[in-house]
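K.L.:
My structure is below; once you've seen it, I'll send some questions.
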Amino acid sequence: MRAVFTGVGVVAPNGLGVEKFWEATLSGRRAIARISRFESGGYSTRLAGEVAASFGPERVPGRLAVQTDRWTQFAFVAADEAIRMAGFDPAQLDEYEMAVVTASSSGGNEFGQREISQLWSQGPQFVGVYQSIAWFYAATTGQLSIRHGMRGPCGVFVGEQAGGLDAIGEARRVLARGARAVLTGGTEAPLSPFALTCQIGGARLSSCDDPARAYQPFGADAQGHVPGEGGAMLLMEDAGHGRSAQHPLGRLAGYASTFDPRPGSGRPPTLRRAIERALGDAGLSAADIDVVFADAAGERGSDRDEAQAIAEVFGAGAVPVTAPKSMVGRLYAGGGPLDVVCALLAIRDGVVPPTVGVAELAPNCPIDLVRDEPRAVNVRAALVVARGYGGFNSAVVITGPNDAAKEPTWTG
């Protein structure tokens, strides 16, 4: 069984749609700015990567707009793009041969906050009936399943940023068990007052008010990350079926996940093990990887641990490393899937997108960080790494659809 990506869709702060997002990313266009969705002056974190103000509930059918949170609406739009790109018609397959596996970190927090506010200010009769489902982590999976008639194995992963890669890994398992197509990925909308308060409590957000300096993964002045909203949805199919062999974008060649030991146990983090197991699952060696898309926590200790794990596997400075999320913020469950889309496009175009805003690499980060400008690279295989708060680690290996080398097509 060869799990291939036949279509992808993107909703991101620096671009709606795959090609607009990719153009902005290669241009190094930063979309981090002062939060505009609510008054953020009283919060220690005031910057974020917001999806364009032009994105509103009108982008989905009216009956769905009133039932769903913004996070699910992002997934509707991204999934529609993925299905269109693939030329996929769900009506052509049995509904139980199609599945949905997504990831979420915060659920429908904006919807939930609105309804709770109405409860306390106006009374229970003003709480909408959809409060019972719209906030729930699995709401996006359920809504996509209903919308596209995909009634096969469905699920949701909650592992912060690692969860987005776990969902993609599970999608491959579902295909191996006999499904014909799986809609997978993750989106987030973590920019409500309640959600921001919860994130601040984790003590990992940047309090810097300068958009050019607030989020500097692997930087000497790193001081935390900036939250972002959006994400990506991907359609995966089994290449053994004729329909999916038309124009696949790439293949999920390897996947692995680990969990870090308890702090203070004296045992080392397990990110390196996740990377090595993903390579083993793909049947590749470290020398076969042409680029690493990093988790990029933006916190000095976490960045150091990740950089050293990469160096231990590949050698110091031996492989290009990049964090395009430096332009949009950490999208949590949407971040890993968005990096997978970047990996697929890097393979397609022969280019590694840049990390922006890092003036000086931090000490003890022995990596070749691609900074400020994209780099032409013959990308045949990419590693995507993601870690979640609490010790989750996940890694996937993405290759070309036929695992064949090709010359770069990007010319700058």
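The values are calculated or read from the model by the stated rules, or taken from the named source; none is laboratory data. These numbers were taken from a predicted model, which means no experiment stands behind them. Neighbour counts are summed over all protein chains in view; Cβ atoms, including those assigned to glycine, are modelled from backbone coordinates with ideal geometry. In case anyone asks, the SASA skips ligands and DNA or RNA and just uses the protein heavy atoms, side chains included. Shrake-Rupley method; radii C 1.70, N 1.55, O 1.52, S 1.80 Å.
K.L.:
Along the Cα→Cβ direction, 7 angstrom out, place labels at GLN125 and TYR389. What is the inter-label distance in nm?
P.N.:
According to this spin-label approximation, the distance is 3.9 nm.
K.L.:
Using volume of the Cα convex hull per residue in Å³ as the read-out, say which of (1) 183; (2) 133; (3) 146 was calculated from these coordinates.
P.N.:
(2)
K.L.:
Can you tell me the dipole magnitude for the range 121-254 around its Cα centre, using point charges on the Cβ only (Lys, Arg +1; Asp, Glu -1), in Debye to the nearest 20?
P.N.:
It works out to roughly 680 debye.
K.L.:
Follow-up. Which FRET efficiency, nearest 0.05, do SER132 and ILE200 yield, Cβ-Cβ r, R0 22 Å?
P.N.:
That gives a FRET efficiency of 0.20.
K.L.:
Measuring with a 1.4 Å probe in the full set of protein chains, what accessible area per residue, in whole Å², belongs to the range 286-392?
P.N.:
Result: 28 Å² per residue.
K.L.:
Can you give the extra length, in nm with one decimal, that the chain gains between SER265 and SER54 once fully stretched, where that is 0.36 nm per residue apart less the Cα-Cα distance?
P.N.:
Between SER265 and SER54, full extension yields an extra 71.1 nm.
K.L.:
Please work out the C-alpha center-to-center distance from the range 320-349 to the range 278-313 and express it in whole Å.
P.N.:
14
K.L.:
For the range 21-143, just the Cα set please: Rg and Dmax, both in angstrom.
P.N.:
For the range 21-143, the Cα-based Rg and Dmax read 17.4, 52 Å.
K.L.:
Take the Cβ-Cβ distance between ARG177 and HIS247 as r, set R0 to 25 Å, and report the resulting FRET efficiency rounded to the nearest 0.05. Mind dumping the intermediate values first?
P.N.:
Working: r = 25 Å, r/R0 = 1.01.
E(calc), rounded to 0.05, equals 0.50.
K.L.:
So how far apart, in nm, are the two label points at ASP288 and LYS20 if each is 7 Å from Cα heading toward Cβ?
P.N.:
Reported label-point gap for ASP288 and LYS20 is 3.8 nm.
K.L.:
Roughly how big is the chain's charge dipole about its Cα centre, with Cβ charges of +1 (Lys, Arg) and -1 (Asp, Glu), in debye to the nearest 20?
P.N.:
Roughly 360 debye, rounded to the nearest 20.
K.L.:
Oh, and also: Would you mind working out the accessible area per residue for the range 15-170, using a 1.4 Å probe, and quoting it in Å²?
P.N.:
44
K.L.:
What FRET efficiency would be calculated for the residue pair ILE116, GLU360, taking the C-beta separation as r and a Förster radius of 51 Å, to the nearest 0.05?
P.N.:
0.70
K.L.:
What order, most packed first, do the peptides 259-266, 24-31 have when packing is the mean number of other Cβ atoms within 10 Å of each residue?
P.N.:
Result, highest mean first: 24-31, 259-266.
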